[in-house]
Amino acid sequence: MRLALAQLHPHVGDLDGNVERIAQAYAQGCERGADLVCAPELAVTGYPPEDLLRKPAFTAASEAAVHDLAARTGATALVVGFVEPVGGADVRTRPVAALPGLPPLANAAAVLREGRVERVYRKQLLPNYGVFDEARYFRAGVEPVVVDVAGVPVGVTVCEDLWDAAGPVAAAQQAGAALVVNLNASPYHRGKRAEREAWARHHAARGTAIAYLNAVGGQDEVVFDGDSFVMDAAGRVPARGAQLATDLVVADVDAGGTVDPAAPPAPRLEPLAETWAALVRGTGDYARKNGFPGALVGVSGGIDSALTAAIAVDALGADAVTCVGMPSPISSAHSRRDARELATNLGTGWWELPIAAPLSAFEQVLAPAWEGHDAALAHENLQSRIRGTLLMSLSNARGDLLLATGNKSEYAVGYATLYGDMAGGFAVLKDVPKLLVYELARYANDAAGRERIPESTLTKPPSAELRPDQRDTDSLPDYAELDPILEAYVEQDRTVEEIAAEGFDPHVVARISRLVDRAEYKRRQAAPGVKITPRAFGKDRRLPITQAWTR
């Protein structure tokens, strides 16, 4: 049996466009001699559709789209993910509906062949953690679906169904499947491929092949990275798709779990190259899908804005990116030089908008109200907010997307100015810790074989330059100490005592934990950004702003 995995880039809400993408992939699979073509999880609607599912017209259109696709099929079967209004179908019910008034829906996969909907599988395991919120919308199916394709019994499963030691994949195997296909819209984070393959290998050990199909593309905070594969019954991966790009993975699979690829597996990206590609994909797709013609980056001569600009250039092209320098009387000559050199190295547009005059005007207006108060911090933040205002005004006038430049370490401890450097429509580095910022900046230069980011930007001590001779270490521990503490506290939910037991100063850990907790109100107002770690700020981590737990 010849299998074709259509690694597609569905757009949420673009049902007509998604149908055409699926139909084109189906035609390509047929041309390659496929007996079965598969499209990703919820390929018809895009993932995640979220509260679009509250619109009856949307769910009805999803069901109608499947019948449209079915009418285009012949002897080659097509398996495609869609939202199914289930009505009285056999789905597991809940005592209380997740959303009052929402009709019963399933995250489903239709088997289409010879012009009709032959079978429908309903996802059984509904993830409700991290960025996933499926119990809010869907009812779970209870039955396996196994269909015959060219003499090979094929089980159909969806995403989370794979991530269970027994569960739906095992049920499909027990029902006779020699190949289990698993349709996914699985968000990227660093190291996730190993987790996916480990679960597939666990199931393949029962003597069946596993076909893992993933979507591609950026959708708000998440990036779907493709990286689809077909694993044989021995746990080997003879066939694999590209990372972070659309692809068609074709392989022959027999009833004994043997896999023979129709082409060599796509090469793997090294870890830094993979992360770079995810940031580029997420940034570019966000800008394009939301109709922005270009991007603006406020550049200071520092490492964060330099890396943001370099990613933006790879995502959108140098002609679509404008770097904006906004020096103050405090800005050093080397920072002004580095900012201008960055724009030259990257080939972007350039504007310089000095902030001395508006800063002086604000100081005159505020001086009477500041009198008798320590306004040093307010003065620092004022400079950042003037810059944010200038950038947003440019964004309004030009229609370009303003990219915020803060990194995960700064967002974690609140070392960022609300309505200042946090201003923007998309925060490229929001989930990139500071130490990784430096690694990626080095990678950008190494991969290009030249100095895209000025060497002096990479080597000078990090500074916000909002007061004379300022250094980040005036307010924070060195990042080599800070980032591991943040990873333990933010991503692993470890207590202050547990982190200190790893050899960190308990007073430093306690202070950092307090800073993280107190900055929640800032992060709640931050722009979305690309998720690249197992636990990003935003939907991954939902803590109350007002709370008193301090351990």
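Quick check on the range 493-508: of everything there that is part of a loop (DSSP other than H, G, I, E, B) and acidic (Asp, Glu), which residue is farthest from residue 550 (Cα to Cα)? Break it down into steps so the answer makes sense when it comes.
If we filter the range 493-508 for residues that are part of a loop (DSSP other than H, G, I, E, B), which is where we start, we get 493-495, 501-505.
Now restrict to residues that are acidic (Asp, Glu): 493, 502, 505.
Working: 493: 12, 502: 19, 505: 17 Å.
Result: 502.
Which of the residues spanning the range 359-377 are assigned to a helix (DSSP H, G or I), within 28 Å of residue 472 (Cα to Cα) and without any contact (Cβ under 8 Å) to a residue 12 or more places away in the chain? Selection gives 360, 361, 367, 370, 377. Listed by first and then second residue, the pairs with beta-carbon distance under 8 Å, at least 6 apart or on different chains, first residue in the range 204-221 and assigned by TED's automatic domain parsing to the domain that holds residue 175 and closer than 13 Å to residue 531 by Cβ, second crowded, with 24+ Cβ neighbours inside 10 Å and of a type in the set (Val, Ile, Thr), are 218/283; 218/530; 221/530.
Can you find even one residue in the range 268-279 that is crowded, with 16+ Cβ neighbours inside 10 Å, under 28 Å from residue 82 (Cβ atoms) and modelled with pLDDT of 95 or more? Yes, the range 268-279 contains a residue that is crowded, with 16+ Cβ neighbours inside 10 Å, under 28 Å from residue 82 (Cβ atoms) and modelled with pLDDT of 95 or more. Comparison of 502, 451, 481 shows that the only residue that is in contact (Cβ under 8 Å) with a residue 24 or more places away in the chain and out of contact with any helix residue (DSSP H, G or I) (no Cβ under 6 Å at 6 or more places or on another chain) is 481.
Tell me which residues, restricted to the range 378-418, are part of a loop (DSSP other than H, G, I, E, B) and within 30 Å of residue 533 (Cα to Cα).
400, 405, 406, 407, 414, 415, 416, 417, 418, listed by residue number.
Looking at (1) at pLDDT 95 or above; (2) over 16 Å from residue 278 (Cβ atoms), find the lone condition where residue 258 falls short. All conditions are met except number (1).
Specify which of the listed residues (372, 420) is modelled with pLDDT under 95 and in contact with a helix residue (DSSP H, G or I) (Cβ under 6 Å, 6 or more places away or on another chain). One residue alone meets the criteria, 420.
Any chance the range 337-351 includes a residue that's in the same structural domain as residue 218 (by TED's automatic domain parsing), in a strand (DSSP E or B) and not small (Gly, Ala, Ser)? Full working, then the answer.
First pass over the range 337-351, keeping only residues in the same structural domain as residue 218 (by TED's automatic domain parsing): none.
No; the residues of the range 337-351 include none that is in the same structural domain as residue 218 (by TED's automatic domain parsing), in a strand (DSSP E or B) and not small (Gly, Ala, Ser).
The set of residues in the range 503-551 being touching a His at 6+ places or on another chain (Cβ under 7 Å) and charged (D, E, K, R) consists of 531 alone.
The values are calculated or read from the model by the stated rules, or taken from the named source; none is laboratory data. This is a predicted model, so every value here is computed, not measured. Cβ sites come from the backbone with ideal geometry, for glycine too, and all protein chains shown count toward neighbours.
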